[in-house]
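Below: the structure, in structure tokens.
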Protein chains: 2
Amino acid sequence: MRDFLPGQVRHREHVRAALEAVYRGYGYEPIETPALEVLERLTSGEGGANEGLIFRVLRRDLRDLSEVADLRALTDLGLRYDLTVPLTRYYATNSAALPDPFRSLQIGPVWRAERPQKGRYRQFLQCDIDLLGEASLGAEVELLSATCDALRATGLSGFTVRVNDRRVLEALVAGSGFPADLTRQVLVVLDKLDKVGPAGVADQLAPLGHPLAAARLLDILSAEADVATLAGSLGGALDDDVAAGLDAIMAAVTDQHLEGVDVAFDATLVRGMGYYTGPIFEVTHAGSSGSIAGGGRYDRLVAKSGGADVPACGVSIGFERLCDLLPPDEQPPGRRVVVLHDAGVALGPLLRASRDLRADGYTVTRAVRTGRPGKQLPRLAAQGHDLLWDYDPAEPTPALRPLTAQD
Amino acid sequence: MRDFLPGQVRHREHVRAALEAVYRGYGYEPIETPALEVLERLTSGEGGANEGLIFRVLRRDLRDLSEVADLRALTDLGLRYDLTVPLTRYYATNSAALPDPFRSLQIGPVWRAERPQKGRYRQFLQCDIDLLGEASLGAEVELLSATCDALRATGLSGFTVRVNDRRVLEALVAGSGFPADLTRQVLVVLDKLDKVGPAGVADQLAPLGHPLAAARLLDILSAEADVATLAGSLGGALDDDVAAGLDAIMAAVTDQHLEGVDVAFDATLVRGMGYYTGPIFEVTHAGSSGSIAGGGRYDRLVAKSGGADVPACGVSIGFERLCDLLPPDEQPPGRRVVVLHDAGVALGPLLRASRDLRADGYTVTRAVRTGRPGKQLPRLAAQGHDLLWDYDPAEPTPALRPLTAQD
């Protein structure tokens, strides 16, 4: 977990504002959910590996250890590990007050008790958009278009939108000869392909299904085929509509000719969460080892969370990784006034005049004279003040002069 | 803990932006600290009653209940209950990278495990400014001026800044005849005056000190005196400088003639936290039962947190209470376009044209035609869309027409 210095916060706010403006322009509406959720909801099995990384909160009613039978009974709340689980609960609770379909924009911190490592934080910000209530692939196309626009608005360029479909993965596993009940286990292994390589995947697949299945799976994947070719090599295991849908999604994004954006089918894309039911996507960039955004369709999750059976699809931007890719902001130039005054002077007139300057767009800070201007003025200039008002109580009208490091 | 609907989030963001713009205009710089802090730091005794309301986080390394001796050993982290304790740790850690004096602006959620009741939430937002490194009362005057400006910028009017000083309270307790070592206990009782009334305070003070002390304390307080008169009736127990300082702070704020702002000395103002060392303040409004802002000088807290011995002073706005006082925003008028299209249409050209509209400042949302315009159009109008583009793939140039509830 990190502290952020003022310059870092300004950078983050700039990036956040750029994302938010684009998403709002698409009609996504900001919502807010609490950081803590009931543990039962966070540990439903849909969160994949993240469920093992929950910060769990001690019950407030315990007076003595003897009151509980085991560790599980100690805790009742947890810090959310993503924004999707809270959104589905939110929608189940509040859908009567929300438009249909509902476009949700949620920007907020999430927590995962990971071992500290480069580029991974235990508290980090996610920026999610979700479209609930649209079953057609217009939802996927819109989410990807909006996300490309949002990322480009931050100044990012040269990124790739990778697209796949859970049903392609299921056909791939089945078409390679694995039994259907091992699908999830095979996909967990396949998800490690970029970390352990084909040989590593083959090793880990060996205990699952027929020895030839792993070889066949890797053989199909190594072909780097487009969707249609892959469908052909799976010999009917893949529904034609799924392949056509994926092609339509990619075509609609490509057809917008977004500069600096590539769109690619990636049959090896898995995504960790258990809840996806259709198209899945990730955004990658050469400057970042992990993905900077990811998402997909999760049509059954809202109903599982106690809400209506509503189709749903979303994209989440990993805010920290995005910020790490972007150059820091320059301090905006000019108009930062420091008012130098003696200790003990009556501050009313000074503050009134400063207020007028602020109304004109200046940032105005006070500083008490130290009596050593040769030291104090360069220090104030180094702190970013570029105008000086050397305050004289006899003349409380602002008189600004430039302040530089040479003062 | 609460979910916020889109209209509520827009309202909150509007209020937050108003506060932030004013504080930044005074030179306060945004910082961010993590939600979780080491429990030891949160339970140092400076947090008063809030330390009993901490959400405690279970250690991640426990495998079995038998590994721990008692409840305390189960947890190592806690959710922060205010922004001041994290700030002092932040300053102790990062002061080398920060200007001196440092003006900190921190807006973020805090958590308290309170029993749910009207106007009290278990997660709520605080908006704090703090000035670290200025010992003179210019700090207090600036913090109060900035806070008055910030509150007025949200549209709030008719509020009162109540001012007191911990040293006035100490003199009051001593001057009434209580032994010095009971000061803190007497102040805890006095802090309940607005809840239990003078008779209630007298009852609770009875076991502390001489029976006449309580009567004398309440007698002095009932006089509603100004600082100088109070100092006189305390017969030398109050330092002249303290009384003069309080007068100077109030005069400097009053002297700015801020419309809708009253400034008043309030000898009964205590503030719960243990860490205050000098002037303390609260902002109250007839529409809110609790205070909407509070703060004071806490000159020894940074050193206690492991940092340099730096003078410090701050104000915290209770964001939820402030929002509850302000009327909700009207939805901004106009320029919300809905593009109605058939399912299955090629979306590329539609999205390209929508992007151009967004660049012109429109919010542009898609909707799939249901085939029942008599139902769909009024519903879209009710959702806030006021312009319709009835999309025709043969003519992908936007053609907007007004959309109303009569459609």
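The values are calculated or read from the model by the stated rules, or taken from the named source; none is laboratory data. Note that the structure is a prediction, hence the values are computed from the model and not measured. All Cβ positions, glycine included, derive from the backbone under ideal geometry; neighbour counts span all protein chains shown.
Side notes on the structure shown:
- B:ASP241 falls short on exactly one of the conditions (1) under 27 Å from B:LEU151 (Cβ atoms); (2) within 14 Å of chain A (Cβ to nearest Cβ); (3) not hydroxyl-bearing (Ser, Thr, Tyr), and that condition is (1).
- Number of positions in the stretch B:1-45 that are among the small types (Gly, Ala, Ser) and either facing chain A (nearest Cβ under 9 Å) or in contact with a Leu (Cβ under 8 Å, 6 or more places away or on another chain) (or both): 4
- Number of residues in the stretch A:348-358 that are of a type in the set (Gly, Ala, Ser) and at the interface with chain B (Cβ under 9 Å from one of its Cβ atoms) equals 2.
- Test: residue in the stretch A:125-147 that is part of a helix (DSSP H, G or I), over 19 Å from A:ASP299 (Cα atoms) and more than 10 Å from chain B (Cβ to nearest Cβ): yes
- Taken over the stretch B:268-289, the criterion of being surrounded by fewer than 20 Cβ atoms within 10 Å (Cβ to Cβ) and either at pLDDT below 90 or part of a loop (DSSP other than H, G, I, E, B) (or both) is satisfied by B:THR268, B:GLY272, B:GLY274, B:THR277, B:ALA286, B:GLY287, B:SER288, B:SER289.
- The residues of the stretch B:113-124 that are within 11 Å of chain A (Cβ to nearest Cβ) and outside any strand (DSSP E or B), listed by number, are B:ALA113, B:GLU114, B:ARG115, B:TYR121, B:ARG122.
- Answer residue from the stretch A:70-104, given it is more than 8 Å from chain B (Cβ to nearest Cβ) and under 21 Å from B:ASP70 (Cβ atoms) and is farthest from the chain's Cα centre (by Cα) among those: A:ALA73
- The stretch A:1-49: number of residues that are among the hydrophobic types (A, V, I, L, M, F, W, C) and either on the phi > 0 side of the Ramachandran plot or out of contact with any helix residue (DSSP H, G or I) (no Cβ under 8 Å at 6 or more places or on another chain) (or both): 8
- Yes/no for A:LEU53 being facing chain B (nearest Cβ under 9 Å), more than 28 Å from B:GLN8 (Cα to Cα) and either loosely packed, with under 14 Cβ neighbours inside 10 Å or among the aliphatic types (A, V, I, L, M) (or both): yes
- Pairs where the first residue, in the stretch A:1-15, is more than 18 Å from A:GLN383 (Cβ to Cβ) and in the same structural domain as A:LEU322 (by TED's automatic domain parsing) and the second is of a type in the set (A, V, I, L, M) and part of a helix (DSSP H, G or I), C-beta under 9 Å, 6+ apart: A:VAL15/A:LEU322
- Matching entry among B:VAL337, B:VAL310, B:VAL345 (being outside any strand (DSSP E or B), at negative phi and either surrounded by fewer than 21 Cβ atoms within 10 Å (Cβ to Cβ) or within 12 Å of chain A (Cβ to nearest Cβ) (or both)): B:VAL345
- Within the stretch B:172-227, tally of residues that are surrounded by fewer than 19 Cβ atoms within 10 Å (Cβ to Cβ) and hydroxyl-bearing (Ser, Thr, Tyr): 2
- In the set (1) out of contact with any Gly (no Cβ under 9 Å at 6 or more places or on another chain); (2) farther than 29 Å from B:ASN50 by Cβ, B:GLN204 fails one condition alone, (2).
- Some residue of the stretch A:298-308 being farther than 21 Å from A:CYS127 by Cα and at pLDDT 95 or above: no
- Restricting B:ASP255, B:ASP299 to residues that are buried (at least 16 other Cβ atoms within 10 Å of the Cβ), in the same structural domain as B:ARG89 (by TED's automatic domain parsing) and at negative phi narrows the list to B:ASP299.
- Leading residue by the ranking (farthest from B:ILE280 (Cα to Cα)) among those in the stretch B:228-259 that are among the β-branched types (Val, Ile, Thr) and at pLDDT 90 or above: B:THR254
Residues are listed down the side, and each one gets a yes or a no for (1) assigned by TED's automatic domain parsing to the domain that holds A:ALA223; (2) closer than 29 Å to A:LEU105 by Cβ; (3) among the polar types (S, T, N, Q); (4) touching a Cys at 6+ places or on another chain (Cβ under 6 Å):
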residue	(1), (2), (3), (4)
A:ILE129	no, yes, no, no
A:GLY133	no, yes, no, no
A:SER136	no, yes, yes, no
A:SER145	no, yes, yes, no
A:PRO179	yes, no, no, no
A:GLN185	yes, no, yes, no
A:VAL188	yes, no, no, no
A:ASP194	yes, no, no, no
A:PRO198	yes, no, no, no
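- Residue within the stretch B:318-332 that is out of contact with any Gly (no Cβ under 9 Å at 6 or more places or on another chain), over 24 Å from B:HIS14 (Cα atoms) and assigned to a loop (DSSP other than H, G, I, E, B) present: no
- Exactly one residue out of B:LEU350, B:LEU377, B:LEU357, B:LEU322 is under 30 Å from B:ALA153 (Cβ atoms), among the aliphatic types (A, V, I, L, M) and either in contact (Cβ under 8 Å) with a residue 12 or more places away in the chain or not assigned by TED's automatic domain parsing to the domain that holds B:THR84 (or both), and it is B:LEU322.
- When the stretch A:174-219 is filtered for residues that are small (Gly, Ala, Ser), part of a loop (DSSP other than H, G, I, E, B) and without any contact (Cβ under 8 Å) to a residue 24 or more places away in the chain, only A:ALA206 remains.
- Matching residues in the stretch A:369-380 - criterion: being surrounded by 20 or more Cβ atoms within 10 Å (Cβ to Cβ) and away from every other protein chain (no Cβ under 11 Å): A:LEU377
- Where a residue in the stretch A:118-129 is free of Cβ contacts under 8 Å to residues at least 40 places away in the same chain and its partner, wherever it lies, is outside any strand (DSSP E or B), with Cβ under 7 Å and at least six apart: A:ARG120/A:GLU114
- Total residues in the stretch A:348-357, condition surrounded by fewer than 18 Cβ atoms within 10 Å (Cβ to Cβ) and under 14 Å from B:TYR23 (Cβ atoms): 0
- If you check B:ARG366, B:ARG401 for being more than 14 Å from chain A (Cβ to nearest Cβ), in a strand (DSSP E or B), more than 30 Å from B:LEU144 (Cβ to Cβ) and modelled with pLDDT of 90 or more, only one passes: B:ARG401.
- Within the stretch A:239-257, the residues that satisfy the criterion of being touching a Lys or Arg at 6+ places or on another chain (Cβ under 7 Å) and either in a loop (DSSP other than H, G, I, E, B) or closer than 13 Å to B:ALA346 by Cβ (or both) are A:ASP239, A:GLN256.
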